[in-house]
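Following: one structure in structure tokens, then a few remarks.
What follows is calculated from the coordinates using simple rules that are stated; it is not laboratory data. Only a predicted model underlies this, so the values are computations on that prediction, with no experimental measurement involved. So basically every Cβ, Gly included, is an ideal-geometry build from the backbone, and we count neighbours across all protein chains shown.
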Amino acid sequence: MSVAVEPAGDDDAVALIDAGDGSILTHGALRRAVDRRAESWGNHRGAVALLGITASTQSVIDLLALQRAGVTTLLVDPASKVDRIAAWSAAYRPDVVVGLGAADRSDAVVERGPQREAILLPTSGSTGSPKFVRLTASNVEANAHQIATALRIGPGARTFAHLPLFYSYGLSVLTSHLIAGASVVLSTASAIRPEFWDAVEAHRVTSLPGVPYSYEIYRRTDFGGRALPHLTDLTQAGGRLDPAHVVALHERMAAQGGRMWVMYGQTEATARIAVLPPEELPARVGGVGRALPASTVSVVDPDHDGVGEIVVDGPQVMLGYAECRDDLDGSDRLGGTLHTGDLGSVDDDGWIRVTGRTKRMAKVFGTRVSLDDVEAALADLGRVVAVDDGDGVIVVIESESVPAGIERNIERRLGFPPRSVRVHAFAAIPRTAAGKPDYAEVRARCHR
């Protein structure tokens with residue numbers, strides 16, 4: 001198995017800056033640190049690892065070293081509850097556990113031969129589902145190159161990696177910059193805190209990524225009240241941002257010679273699928289741009305308006321899903337073609353619009369979340385249904401009233417960001433003739 005991403009910058013060029021402790025690693029020093037860490041594990045080729053990954057230098061070294069050692073690596077939130085870590089461990093029987101505190105271990109592993117899986121990313125946020133996306137080293141490398149090319153990332157770029165690295169968008173921010181020989185500032189700070197903006201300013205960040213919720217904070221705090229003259233690029237993915245906000249951000253950046261990039265992606269396509277370049281704003285606001293280099297986007301079964309399911313063909317398409325270690329067999333179940341479950345259209349010039357979803361999925365903080373998994377996780381609340389709410393989830397409980405504080409409680413339980421869950425109470429949840437929840441009626445009533 002090849003390495004998913006190698007730091008590609010000159011030896012003396014800065015690769016990583018840890019905003020937490022101020023440490024700096026050049027590309028050369030990072031390569032050497034990865035070599036040492038990989039050697040410390042000895043013979044683990046063909047093994048499986050569970051990595052609790054944070055936006056820190058040590059976590060990045062661990063990730064790259066596991067890839068160098070030929071280890072299939074599941075990336076998870078280190079703040080996950082003990083029972084979820086236990087469930088993942090039972091399903092995947094990891095030989096190596098790193099970044100999860102007391103659970104860390106490294107067992108002796110017999111050579112198992114090459115595996116195609118390199119990195120596994122969770123599909124369901126923090127709901128505890130054992131379902132992961134299986135990505136090869138080639139998937140990760142190809143998508144990193146696609147993104148670096150589409151966003152015109154060069155060695156002089158310096159991004160702010162504050163999004164979780166177990167989330168496909170956050171991981172791709174890291175990989176696309178390392179593979180381009182650029183710099184990455186790692187931070188676990190929240191954008192509502194002064195230290196977030198202190199780091200952006202002090203480290204002369206040139207590119208700031210974010211999901212729609214991030215951009216709410218950026219705008220509400222006026223970018224921390226800072227001038228940020230070095231900030232030249234804003235990149236947005238992880239769900240639909242209000243077109244009016246996109247235009248306002250575009251105008252703000254253009255006024256200082258900067259750029260606003262809008263993107264569309266899925267974890268099942270490693271990270272990103274399409275990019276809307278800044279020169280197409282505001283004319284094409286509301287769209288998500290064109291397919292990344294070396295990939296194509298089409299729709300199947302379009303209606304009279306040209307809207308159908310979005311299909312992606314390209315080198316970034318996953319092998320398939322896994323729910324246990326036995327699924328890590330290297331088989332390619334998609335053959336490079338992904339039916340996204342999203343509805344949209346593609347015009348004759350290749351410009352893409354996303355209009356909705358075909359499946360019981362939602363996007364929360366940019367992560368695709370199974371609404372069925374949400375319902376299962378909240379079953380102790382009684383009769384509960386969950387429906388998509390654009391960039392969040394609506395939870396309906398069968399009750400006369402909404403209990404105080406329940407929205408924040410649910411967000412904490414599921415590991416979702418603030419204001420991503422709305423709760424409604426219905427005296428009786430509407431059902432179909434077959435006795436199943438009538439999700440269309442639930443959604444309609446919630447939006448009246």
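Some points to look at:
- Peptides 270-277, 60-67, ordered by how many other C-beta atoms sit within 10 Å of their residues on average, highest first, read 270-277, 60-67.
- Using a simple spin-label model with pseudo-atoms 7 Å out from Cα toward Cβ, Arg325 and Val311 lie 3.7 nm apart.
- Of the trypsin sites (Lys or Arg not before Pro) in region 372-424, the ones in a loop by DSSP (not H, G, I, E or B) with at most 13 other beta carbons within 10 Å are Arg419.
- A simple charge model with +1 on the Cβ of Lys and Arg, -1 on the Cβ of Asp and Glu and nothing else charged puts the dipole of region 364-446 at about 100 debye relative to its Cα centre.
- Per DSSP, loop GluC sites (Glu not before Pro) in region 371-448 with at most 11 further Cβ within 10 Å: Glu400
- Gain upon complete extension [Glu279, Asp332; 0.36 nm per residue less C-alpha separation]: 15.3 nm
- For region 250-264, putting each phi into the Karplus relation 6.51 cos²θ - 1.76 cosθ + 1.60 with θ = phi - 60° gives couplings of 4, 5, 4, 5, 4, 5, 10, x, x, 9, 10, 10, 10, 9, 9 Hz, in residue order, rounded to whole numbers and with x for Gly and Pro.
- Student exercise, the chain dipole from Lys, Arg, Asp, Glu Cβ charges, in Debye to nearest 20: 580 debye
- Loop-located trypsin sites (Lys or Arg not before Pro) in region 297-371 whose Cβ has at most 12 other Cβ within 10 Å (DSSP): Arg333
- Subtracting the Cα-Cα distance of Ala376 and Asp242 from 0.36 nm times their residue separation leaves 45.2 nm of extension gain.
- Between Asp222 and His424, the distance separating the two model label sites (each 7 Å from Cα on the Cα→Cβ line) works out to 3.8 nm.
- The chain: calculated mean residue ellipticity at 222 nm from DSSP helix runs of at least 4, using -39500 (n - 2.57): -8000 deg cm²/dmol
- If you take the Cα centroid of region 394-416 and the Cα centroid of region 298-339, the two points sit 33 Å apart.
- Multiplying the residue separation of Arg445 and Lys359 by 0.36 nm and subtracting their alpha-carbon distance yields 29.0 nm.
- Mean separation of Cα contacts under 8 Å, 6 or more apart, over the residue count of region 36-193: relative contact order %: 23 percent
- Isotropically averaged projected area of region 17-58, using the convex hull of Cα atoms (one quarter of hull area), nm²: 3.7 nm²
- If you take the alpha carbon atoms of region 364-446 and fit the smallest convex hull around them, that volume is 91 Å³ per residue.
- Summarised as an ellipsoid, the chain has semi-axes of 32, 28, 23 Å, derived from the eigenvalues of the Cα gyration tensor scaled by 5 and square-rooted, with the largest first.
- In this rough spin-label picture, where each label sits 7 Å from Cα along the Cβ direction, the Gln256-Glu39 distance is 4.5 nm.
- With a Cα cut-off of under 22 Å and a minimum spacing of 8 residues unless on different chains, the lysine pairs in the chain number 5.
- Average silhouette area of region 290-434, convex hull of alpha-carbon atoms, in square nanometres: 12.2 nm²
- Simple rule: put +1 on each Lys or Arg Cβ and -1 on each Asp or Glu Cβ in the chain, find the dipole, and look at Thr149, Pro94, Gly415; the Cα lying farthest toward the positive end is Gly415.
- Ranked Glu251, Glu117, criterion: other C-beta atoms within 10 Å, fewest first: Glu251, Glu117
- The chain - share of DSSP beta bridges that are antiparallel (%, nearest 5): 60 percent
- With R₀ fixed at 51 Å, the C-beta to C-beta distance from Asn409 to Ser298 puts the FRET efficiency at about 0.75.
- Using the Karplus relation 6.51 cos²θ - 1.76 cosθ + 1.60 with θ = phi - 60°, the per-residue 3J(HN,Hα) values for region 152-162 come to 6, 7, x, x, x, 6, 9, 9, 10, 8, 9 Hz, with x marking Gly and Pro.
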